[in-house]
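What follows is a short report on a single structure.
Values in this text are rule-based calculations from the coordinates and carry no lab data. Quantities reported herein were computed from a predicted structural model and do not represent experimental measurements. For neighbour counting, all protein chains shown are included, and Cβ atoms are generated from backbone atoms with ideal geometry for every residue, glycine included.
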Amino acid sequence: MNITMIGTGYVGLVTGTCFAEIGHQVICVDNDVAKVQLLQSGGIPIFEPGLKELVAKNVAAGRLSFSDSIAEGVEKGEAIFIGVSTPPLPDGAVDLSFIEKVAREIAAHMRSYKIIVDKSTVPVKTGDKMVETIKRYCKAHAEFDVVSNPEFLREGSAVADFLKPDRIVIGVRSPRPVPAMKEIYGAISAPIIVTDINSAELIKHASNSFLALKISYINAISAVCEATGANVQEVAAGMGMDERIGRKFLDASLGFGGSCFPKDLSAFIKISEQVGYSFDLLKEVQKINSCQMERFLKKISDTLWVLKDKTIGVLGLAFKQNTDDIRMSPAIALCQRLQKDGAQLRVHDPQAMPKARAVLKDVTFVEEMNDVALGCDALVVATEWEQFKSLDLERVRASLSHPILFDGRNLFDPSEMEKLGFVYKSIGRGQS
Ligand code: UDX
């Protein structure tokens, strides 16, 4: 089919490229002319494993192109997907101005039947508003259907998540667009659930809030483990073997971050409040998430006492592994807090250093992970990059002025670290 993707951020670029990969003719539209030019010249604005190769392959095959003209996109696409950002407003509600503007622009250029598909994460009932807006602004009175088709892509594994999803959610107001939507996803082997549009929109917020809840749950358990000498990883393993619970998203950490969970949680709390329900459970999820960072910072200050004039090495700046994204990154928040308390920082991240340079000032960026510890009073692991597990620990210990390692991602074995001579403090494992 001819597909148009409006918005070339993480969601739009991955989705548009993957639609081309499964055989569709795709045009990706963005109003950021510089970004479109970069994509047209073979560049990629983000780091996402496998994406650069997939873009190059599909552009070469003539299935994928980029444009800054929404008119061209509306004319060419039978289905027009919207993947623009829905950022948070100061009160936690969702800023829908980008999506509303795109709806008006599509309406202005529509001359024939179109399926308009929302991929962005939006509050329940946004689809209804889109229908009203498109009707109002479409002078040609063209027929159309609005569909909600939320994305569940994780940064760092977005291509694989697109090609092998757990499910595809299609929310509709009438049966008319369903066959075309099923054809679009025909090459993907996954269950398709067709729902009303409000339910599809809710599935997204309910899912992300539940996953955030799962992380806060295990982080709360980690606090109890620390108070009792139990091991949170063993607790998670034992809980996870129950199929009703599952082991995924039970890794205790510094807390969740990123461009989705914190924003979606606040939005869902706000949406619920607006319809008359006070979602106190989710407020507690937020509270546990911020306490988790405070508890970790306390471990650092309890051990090092005064941070002023201390040098601390930090491994990891991205909000999680396999991405260069630092939006709402717990690692960046940690760095800023350590700096505020007077510490000097030496930092490294395999991908996120270029983006981190814009927000972290007066910090030494170190290219090689094993060099970060050089002359430091302590080392902190803040992001769960796989390669950090193969740190040269003997060398790190010798480089540190004092062999102290705070592990915010439980990458190492406490007894091994002790044998190697480290003072090792991690999350929810015994008294550490
Ligand atoms: C999330 C959702 O998973 C995805 O379905 C949605 O479409 C977008 O939002 P993403 O933000 O890319 O994806 O990252 P995710 O892998 O979900 O991790 C979010 C945060 O939780 C990260 O900071 C991560 O480090 C943290 N996390 C995750 C934990 O602390 N523990 C875990 O067990 C899992």
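Things to note:
- Report summary: the helix-based calculation at 222 nm, which adds -39500 (n - 2.57) for every DSSP H run with n ≥ 4 and divides by the residues of the chain, gives -13000 deg cm²/dmol.
- Length gained when the stretch residue 230-residue 125 is fully extended (0.36 nm per residue, less Cα-Cα span): 33.3 nm
- Sites residue 104 and residue 173, calculated FRET efficiency, Cβ-Cβ separation with R0 22 Å, nearest 0.05: 0.70
- Couplings for the range 144-156, taken from phi via the Karplus curve 6.51 cos²θ - 1.76 cosθ + 1.60 with θ = phi - 60°, read 7, 10, 9, 10, 9, 9, x, 8, 10, 7, 9, 4, x Hz in order; Gly and Pro are left as x.
- Label-to-label distance, nm, for residues given as residue 140 and residue 182 (7 Å Cα→Cβ offset): 2.9 nm
- log₁₀ of I(q)/I(0) at q = 0.07, 0.11, 0.15 Å⁻¹ - the range 211-425, Debye sum with one point per alpha carbon: -0.22, -0.54, -0.99
- Angle between the chain longest axis and helix 10-21 axis [Cα atoms, degrees, rounded to 10]: 60 degrees
- For the range 304-309, putting each phi into the Karplus relation 6.51 cos²θ - 1.76 cosθ + 1.60 with θ = phi - 60° gives couplings of 8, 6, 8, 8, 4, 6 Hz, in residue order, rounded to whole numbers and with x for Gly and Pro.
- Measuring nothing but how far apart in sequence close Cα pairs (under 8 Å, 6+ apart) lie, relative to its length, the range 2-190 scores a relative contact order of 21 percent.
- Backbone N under 12 Å from the residue 196 label point (7 Å along Cα→Cβ), restricted to the range 146-176: 172-174
- Amide H partners (placed H, <5 Å) of residue 192, local residues excluded: 168
- Of the chymotrypsin sites (Phe, Trp or Tyr not before Pro) found in the range 1-92, none is in coil by DSSP with at most 13 other Cβ atoms within 10 Å of its Cβ.
- The range 332-432 - convex hull of the alpha-carbon atoms, volume per residue in Å³: 101 Å³
- Within the listed set 166, 145, 302, the residue fluctuating most in the Gaussian network model of the chain (springs between alpha-carbon atoms under 10 angstrom) is 302.
- A Gaussian network model of the chain, with springs between Cα atoms under 10 Å, assigns the largest mean-square fluctuation among 158, 71, 378 to 71.
- HN-Hα J in Hz across the range 252-262 - Karplus 6.51, -1.76, 1.60, θ = phi - 60°, x for Gly and Pro: 5, 7, 6, x, 7, x, x, 7, 10, 4, x
- Candidates 49, 150, 90: whichever shows maximal mean-square fluctuation once the chain is modelled as a Gaussian network with Cα springs under 10 Å: 90
- Built amide H within the under 5 Å cut-off of residue 313, gap 5+: 346, 377, 378, 379, 380
- Taking amide H as placed 1.01 Å from N in the peptide plane, residue 81 has its amide H under 5 Å from the amide H of 4, 5, 6, 117, each at least 5 places away in sequence or on another chain.
- Pairwise Cα separations in the chain fall into 10 Å bins from 0 onward with the following percentages, short to long: 4, 20, 28, 24, 16, 7, 2, 0.
- Sparsely packed loop sites in the range 238-343 (the trypsin sites (Lys or Arg not before Pro) outside DSSP H, G, I, E and B with at most 14 other Cβ atoms within 10 Å) comprise 244, 247, 248, 308.
- Centre-to-centre separation between the Cα atoms of the range 226-281 and those of the range 193-221: 10 Å.
- Difference of contour (0.36 nm per residue) and Cα-Cα distance, residue 243 to residue 273: 7.5 nm
- Using C-alpha pairs under 8 Å with a sequence gap of at least 6, the mean separation divided by the residue count of the chain gives a relative contact order of 12 percent.
- For the range 290-393, the square roots of the Cα gyration tensor eigenvalues, ordered a ≥ b ≥ c, give a/c below 1.5, which places it in the rounded category.
- Between the range 355-432 and the range 14-66, the alpha-carbon centres lie 37 Å apart.
- Qualifying trypsin sites (Lys or Arg not before Pro) in the range 71-132, where qualification requires a DSSP coil assignment and no more than 15 other C-beta atoms within 10 Å, comprise 111, 125.
- The equivalent ellipsoid that matches the C-alpha gyration tensor of the range 2-190 spans semi-axes of 24, 18, 18 angstrom, in descending order.
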